[in-house]
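Here the structure is laid out as structure tokens; the discussion comes afterwards.
The values are calculated or read from the model by the stated rules, or taken from the named source; none is laboratory data. The shown structure was predicted, so the numbers you read here are calculated from the model rather than taken from an experiment. Methodologically, a virtual Cβ is constructed for each residue, glycine included, from the backbone with ideal geometry; neighbour enumeration extends over all protein chains shown. All accessible areas refer to the heavy atoms of the entire protein, side chains included, with ligands and DNA or RNA removed. Shrake-Rupley method; radii C 1.70, N 1.55, O 1.52, S 1.80 Å.
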Number of protein chains: 2
Amino acid sequence: MEAGNLQGGMLSKTWVVSAPGKVILHGEHAVVHGKAALAVALNLRTFLRMNARDDGKVLLQLPNIGTELSWDVVQLRPLLAAFPDWTGSEPPAPEQLEKLKEFVGTAGGPGGIHDVATVAFLYLYLSIAAQSGVLPSVDIRVWSELPTGAGLGSSAAYSVCLAGALLSACGAVGYPLGEGQSLARWSAEELDLINRWAFQGERVIHGNPSGVDNAMGTWGGALRYQSGKITPLKRVPTLRILLTNTKIPRSTKALVAGVKDKLLKFPGIMEPVLASIDAISQECEGILEAMADGSSQEYCSVLEELVDINQHHLNVIGVGHPSLDCVCQVTATHGLHSKLTGAGGGGCAITLLRPDTPPSVVDAAVRDLGRCGFTCWETDIGALGVSAHSLPSLKADVVKILNGV
Amino acid sequence: MEAGNLQGGMLSKTWVVSAPGKVILHGEHAVVHGKAALAVALNLRTFLRMNARDDGKVLLQLPNIGTELSWDVVQLRPLLAAFPDWTGSEPPAPEQLEKLKEFVGTAGGPGGIHDVATVAFLYLYLSIAAQSGVLPSVDIRVWSELPTGAGLGSSAAYSVCLAGALLSACGAVGYPLGEGQSLARWSAEELDLINRWAFQGERVIHGNPSGVDNAMGTWGGALRYQSGKITPLKRVPTLRILLTNTKIPRSTKALVAGVKDKLLKFPGIMEPVLASIDAISQECEGILEAMADGSSQEYCSVLEELVDINQHHLNVIGVGHPSLDCVCQVTATHGLHSKLTGAGGGGCAITLLRPDTPPSVVDAAVRDLGRCGFTCWETDIGALGVSAHSLPSLKADVVKILNGV
């Protein structure tokens with residue numbers, strides 16, 4: 001096994017991979033109680049550029065969090081002993097993670113975002129190397145449009161990008177981008193492998209993730225999640241949204257516990273609300289599939305109505321917040337419809353935009369939300385999953401960051 | 001049968017009667033779909049002063065609407081032919097109403113509030129006269145704290161006061177106020193008779209009323225109404241509220257139709273919301289009965305929570321209005337909880353006040369609501385039903401109006 005023994009021996013090769021984030025469109029919290037949730041891929045993406053090196057070094061650069069690390073392949077090779085063949089299902093072993101934490105010097109420590117990202121990278125690098133027999137000497141730079149810790153699947157997008165790039169580099173999957181192409185995707189089988197490895201990365205980062213976020217990063221589009229089962233939607237339209245981060249910090253655990261308390265306190269009042277949320281997810285799924293065949297004002301109106309109803313329900317189950325009410329009110333003054341997404345109690349909200357919502361309306365809403373101290377992104381949901389790109393086809397600011405300029 | 005042949009021949013007698021309005025605490029709209037509604041007596045009252053006359057005249061003065069009418073008993077007597085004995089259940093006959101409209105000169109006309117109030121008075125006067133054999137010569141002045149047409153049961157309070165006074169004058173019921181008493185109530189059997197006659201008055205005014213408003217005006221307290229059945233709550237506390245009239249006009253018919261449309265469009269989403277509203281009414285009923293044994297901070301908190309939840313539900317079923325959102329927001333800034341009451345789409349809202357809510361908080365809320373263009377009353381719910389009063393025991397401004405000063 002040699003360092004730099006890369007697929008096809010393309011020492012000068014560059015791999016560019018991106019993966020989307022995710023938002024919950026409907027069903028947050030209800031999903032904890034056995035109802036369906038509808039997750040959609042968010043076109044705020046994580047980008048990875050990987051370059052082959054010929055000096056036996058492995059570099060990891062994460063400009064979002066100021067991480068710059070470098071190892072020699074010969075320094076990493078002894079760790080391989082801890083990474084026997086993976087059957088494709090068992091979670092990362094605690095001994096493996098301990099060993100990696102020890103290696104990066106965080107054993108027993110609290111594990112900040114920098115350490116967690118490093119351990120997840122090394123886990124994927126070494127596991128995939130152990131399987132493929134290749135320890136690639138590469139330069140990896142990952143940058144994300146996604147804020148971290150906001151429930152938008154940024155860690156999964158990171159894991160998906162790493163899995164896509166490392167599996168490609170080791171020849172476990174092909175690199176789909178052909179000469180002259182600006183964007184290409186992997187086959188369904190390859191995506192399945194990428195997803196399974198990305199899930200391992202998520203397990204390293206989160207312990208016991210649902211698998212929704214890595215599935216969204218991999219497959220894109222939308223999926224239904226219920227009782228541990230992930231079902232991708234067959235056809236999904238791309239819809240414009242405004243994503244607003246209220247930047248109000250919150251504890252997902254406390255919010256989930258609060259909903260449970262309300263259910264125990266007022267079962268007769270709260271159970272029907274969860275049933276109604278479940279019906280909203282179902283209705284929305286049907287509308288999304290119908291919209292994939294062509295949008296209409298009527299479909300847009302229904303989506304808006306569902307967003308409004310669910311926002312009321314989320315307030316009823318106790319996960320609203322004045323900042324989220326503010327997003328709803330401000331956007332309503334521009335004729336737009338918003339709901340919280342994810343845990344609530346602050347965090348993020350999504351605002352639906354119609355295909356024909358004029359830029360002036362969006363700009364005015366963004367301006368007013370900015371005045372409330374919120375950060376907004378105009379983006380899409382139902383986005384493409386993990387993709388290979390030609391570097392020049394990306395937006396100039398992304399190219400600049402990936403080039404380390 | 002003689003004019004002025006009054007009970008006990010007390011020609012100098014004065015009868016003073018009051019009856020409360022009502023608000024729906026929970027269950028408005030849901031009640032249309034077979035769920036329970038919880039109505040509570042509102043301590044904005046209608047006051048009636050009746051004086052015996054010795055000149056064979058009947059005077060009706062309604063200072064709220066500028067009505068001043070006078071008839072001779074001899075002029076009314078011929079109408080009695082149209083009022084045979086009433087069995088106690090059948091509604092006013094169309095011929096009777098036609099005859100009365102013709103008599104007051106509105107036959108075939110649109111029937112403004114003045115005409116409707118006049119016809120209802122004559123209907124009750126003549127029906128009760130026909131039963132008792134007495135055509136009293138009296139002076140009747142009715143004045144109300146209740147705004148009309150706001151869904152607060154003002155017409156029922158009018159009918160209840162008329163029924164109480166006329167039945168007393170004719171000896172069908174006693175007049176309960178003893179020497180030196182300031183307030184007295186009729187017996188349960190007498191109240192039942194007053195209620196049945198008040199329902200007849202409501203039928204004259206509204207055609208096909210539910211009977212809730214006259215029951216509230218008669219019995220006071222609170223009642224549950226479901227599928228046409230009225231069940232008074234056994235024990236009800238008196239609770240402080242703020243009643244706010246947004247003065248936004250609305251069509252109850254259109255609002256009811258809108259809810260039905262939503263139910264047909266999204267049955268899976270909307271049926272559970274009605275089920276949840278039903279559970280709110282049940283929960284609230286239990287809390288009210290428990291509070292009758294003693295209030296507590298805990299009970300107050302639950303009542304507030306139920307109000308907040310139901311307000312969200314009412315928005316979900318489409319009967320909210322920006323003016324009502326405004327009431328909720330303004331009162332929330334003072335730590336108070338509000339919901340719409342009745343048809344919604346504007347109209348009135350109630351705000352719960354705790355026993356220990358300081359006057360400064362109430363004043364500040366009233367001031368801020370006034371700045372929105374709304375009219376507020378600080379009053380109580382769970383109020384006393386129809387009552388007999390000594391004139392001097394009433395508030396000075398009411399006495400002044402009842403004295404015609």
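Residue-level check: of (1) in contact with a helix residue (DSSP H, G or I) (Cβ under 6 Å, 6 or more places away or on another chain); (2) surrounded by 22 or more Cβ atoms within 10 Å (Cβ to Cβ), B:Ile350 misses just (1). Out of B:Ser360, B:Ser390, which single residue is outside the structural domain of B:Thr244 (by TED's automatic domain parsing) and among the hydroxyl-bearing types (Ser, Thr, Tyr)? After applying the criteria, what remains is B:Ser390.
If you check every pair at least six apart or on different chains, which have Cβ atoms under 8 Å apart with a residue in region B:82-95 that is among the small types (Gly, Ala, Ser) first and a residue that is open to solvent by less than 20 Å² (accessible area, probe 1.4 Å) and not in a loop (DSSP other than H, G, I, E, B) second? Partner pairs satisfying both residue conditions: B:Ala82/B:Leu126. Of the set (1) under 19 Å from B:Thr379 (Cβ atoms); (2) assigned to a helix (DSSP H, G or I); (3) polar (S, T, N, Q); (4) open to solvent by 50 Å² or more (accessible area, probe 1.4 Å), all apply to B:Thr331 but (4).
Annotation: B:Leu122 fulfils all but one of (1) surrounded by 18 or more Cβ atoms within 10 Å (Cβ to Cβ); (2) at pLDDT below 95; the unmet one is (2). Does region B:154-175 hold any residues that are open to solvent by 10 Å² or more (accessible area, probe 1.4 Å) and either closer than 15 Å to B:Phe47 by Cβ or not in a loop (DSSP other than H, G, I, E, B) (or both), and which are they? Passing the criteria: B:Ser154, B:Ser155, B:Tyr158.
Of the residues making up region B:257-273, none is at pLDDT 95 or above and in contact with a Phe, Trp or Tyr (Cβ under 9 Å, 6 or more places away or on another chain). Residues in region A:268-289 that are under 20 Å from B:Lys262 (Cα atoms), open to solvent by 30 Å² or more (accessible area, probe 1.4 Å) and free of Cβ contacts under 8 Å to residues at least 12 places away in the same chain: A:Gly286 alone.
Being hydrophobic (A, V, I, L, M, F, W, C) and outside any helix (DSSP H, G or I) is the filter; apply it to region A:242-265 and report the residue that is farthest from the other protein chains (Cβ to nearest Cβ).
Step one: filter region A:242-265 for residues hydrophobic (A, V, I, L, M, F, W, C), giving A:242-243, A:248, A:254-257, A:259, A:263-264.
Of the ones still in play, those that are also outside any helix (DSSP H, G or I) are A:242-243, A:248.
Working: A:Leu242: 21, A:Leu243: 24, A:Ile248: 17 Å.
Per the stated criteria, the residue is A:Leu243.
Of all the listed residues (A:Arg203, A:Arg224, A:Arg196), the sole one being closer than 25 Å to A:Leu306 by Cα, more than 14 Å from every other protein chain (Cβ to nearest Cβ) and either out of contact with any Phe, Trp or Tyr (no Cβ under 9 Å at 6 or more places or on another chain) or not in a strand (DSSP E or B) (or both) is A:Arg224. Assessment of region B:36-52 against the conditions (open to solvent by 20 Å² or more (accessible area, probe 1.4 Å), more than 30 Å from B:Ile24 (Cα to Cα) and of a type in the set (Lys, Arg)) yields no matching residue. For A:Val319, indicate whether it is not assigned by TED's automatic domain parsing to the domain that holds A:Ala222 and not in a helix (DSSP H, G or I). Considered against the rule, which asks whether it is not assigned by TED's automatic domain parsing to the domain that holds A:Ala222 and not in a helix (DSSP H, G or I), A:Val319 comes out as yes. When restricted to residues that are within 22 Å of B:Gly27 (Cβ to Cβ) and not hydroxyl-bearing (Ser, Thr, Tyr), region B:320-362 contains 21. For region A:126-148, the condition of being touching an Asp or Glu at 6+ places or on another chain (Cβ under 7 Å), modelled with pLDDT of 95 or more, assigned by TED's automatic domain parsing to the domain that holds A:Phe199 and part of a helix (DSSP H, G or I) holds for none of the residues.
Selection of region A:55-101 for residues being closer than 20 Å to A:Gly207 by Cβ and either in a helix (DSSP H, G or I) or small (Gly, Ala, Ser) (or both) yields A:Ala82, A:Gly88, A:Ser89, A:Ala93, A:Pro94, A:Glu95, A:Gln96, A:Leu97, A:Glu98, A:Lys99, A:Leu100, A:Lys101. The residues of region B:305-322 that are open to solvent by 20 Å² or more (accessible area, probe 1.4 Å) and either of a type in the set (D, E, K, R) or touching a Cys at 6+ places or on another chain (Cβ under 7 Å) (or both), listed by number, are B:Glu305, B:Asp308. Checked against (1) assigned by TED's automatic domain parsing to the domain that holds B:Gly151; (2) farther than 19 Å from B:Leu146 by Cβ, B:Glu298 passes all but a single condition, namely (1). For A:His312, the criteria (1) more than 21 Å from A:Gly335 (Cα to Cα); (2) facing chain B (nearest Cβ under 9 Å) hold in every case but one, which is (1).
Criterion first (within 14 Å of chain B (Cβ to nearest Cβ) and buried (at least 20 other Cβ atoms within 10 Å of the Cβ)) does A:His389 satisfy it? Don't jump to the end; show me each part of the working.
Values: within 14 Å of chain B (Cβ to nearest Cβ): no; buried (at least 20 other Cβ atoms within 10 Å of the Cβ): yes.
Judged against the criteria, A:His389 is not a match.
Name the single residue, out of those in region B:266-309 being among the polar types (S, T, N, Q) and in a helix (DSSP H, G or I), that is farthest from the other protein chains (Cβ to nearest Cβ). If we take residues in region B:266-309 being among the polar types (S, T, N, Q) and in a helix (DSSP H, G or I), then B:Gln297 is farthest from the other protein chains (Cβ to nearest Cβ). Can we say B:Trp15 is among the hydrophobic types (A, V, I, L, M, F, W, C) and modelled with pLDDT under 95? Answer is no for this residue. Within 21 Å of the chain's Cα centre (by Cα) and small (Gly, Ala, Ser): is that true of B:Gly178 in this structure? Judged against the criteria, B:Gly178 is not a match. When A:Ala396, A:Ala332, A:Ala364 are checked against the criterion of being within 14 Å of another protein chain (Cβ to nearest Cβ) and either at pLDDT 95 or above or within 25 Å of A:Leu274 (Cα to Cα) (or both), a single residue qualifies: A:Ala332.
Could you tell me whether region A:57-80 includes any residue that is modelled with pLDDT under 95 and aromatic (Phe, Trp, Tyr)? The answer is no, given that none of the residues of region A:57-80 is modelled with pLDDT under 95 and aromatic (Phe, Trp, Tyr).
Which members of region A:176-200 meet the condition of being in contact (Cβ under 8 Å) with a residue 60 or more places away in the chain and open to solvent by 30 Å² or more (accessible area, probe 1.4 Å)? Once the filter is applied, which keeps residues that are in contact (Cβ under 8 Å) with a residue 60 or more places away in the chain and open to solvent by 30 Å² or more (accessible area, probe 1.4 Å), region A:176-200 yields A:Pro176, A:Leu177, A:Gln181, A:Ser182, A:Leu183, A:Arg185, A:Arg196.
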